[in-house]
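Notes follow the structure.
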Amino acid sequence: MYWFFCIFEVLQRSNDQNKHQMKNQVQVQNVTITTIHEGHELTEAQMKTSCRFLDCYKKKDGTWSVQLNKIVSNDLDEIWDENKLLRIYNMSNVEFFAYWDKKMNEWK
């Protein structure tokens, strides 16, 4: 019975964390930007064009994991786009925001 209460407590904590998440989506010229904030802090960011996809998330240690993908198939009949992973970076906050701005200016 104790394990049931432990699982319930973990699920309750994860539900409480999700209550504070805010997801935004914006279209800037040819780029679709999706961001997720927890409270006031940016925790995930995605940037997508017709041929490129940038997927970023903030790790627990405060650094960012950034994946640059090429969209191989964007067929409307398919449920999922097929992505080819081009690069994975680990970046500090300063490096991440500089890279994000650079890609945004290149892609729009």
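Things to note:
One line per residue, one yes/no per condition, for (1) at positive phi; (2) of a type outside the set (Val, Ile, Thr); (3) modelled with pLDDT under 95:
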| site | (1), (2), (3) |
| --- | --- |
| Asn24 | no, yes, yes |
| Gln27 | no, yes, yes |
| Val66 | no, no, no |
| Ser73 | no, yes, yes |
| Leu86 | no, yes, yes |
| Ser92 | no, yes, no |
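- Number of positions in region 47-64 that are under 17 Å from Val94 (Cα atoms), surrounded by fewer than 18 Cβ atoms within 10 Å (Cβ to Cβ) and either among the hydroxyl-bearing types (Ser, Thr, Tyr) or under 13 Å from the mean Cα position of the chain (by Cα) (or both): 3
- Test for Ile36: is it in a strand (DSSP E or B) and modelled with pLDDT under 90: no
The values are calculated or read from the model by the stated rules, or taken from the named source; none is laboratory data. Everything numeric in this text was worked out from a predicted model, so none of it was measured. Note that each Cβ is placed from the backbone with ideal geometry, even for glycine, and that neighbours are counted across all protein chains shown.
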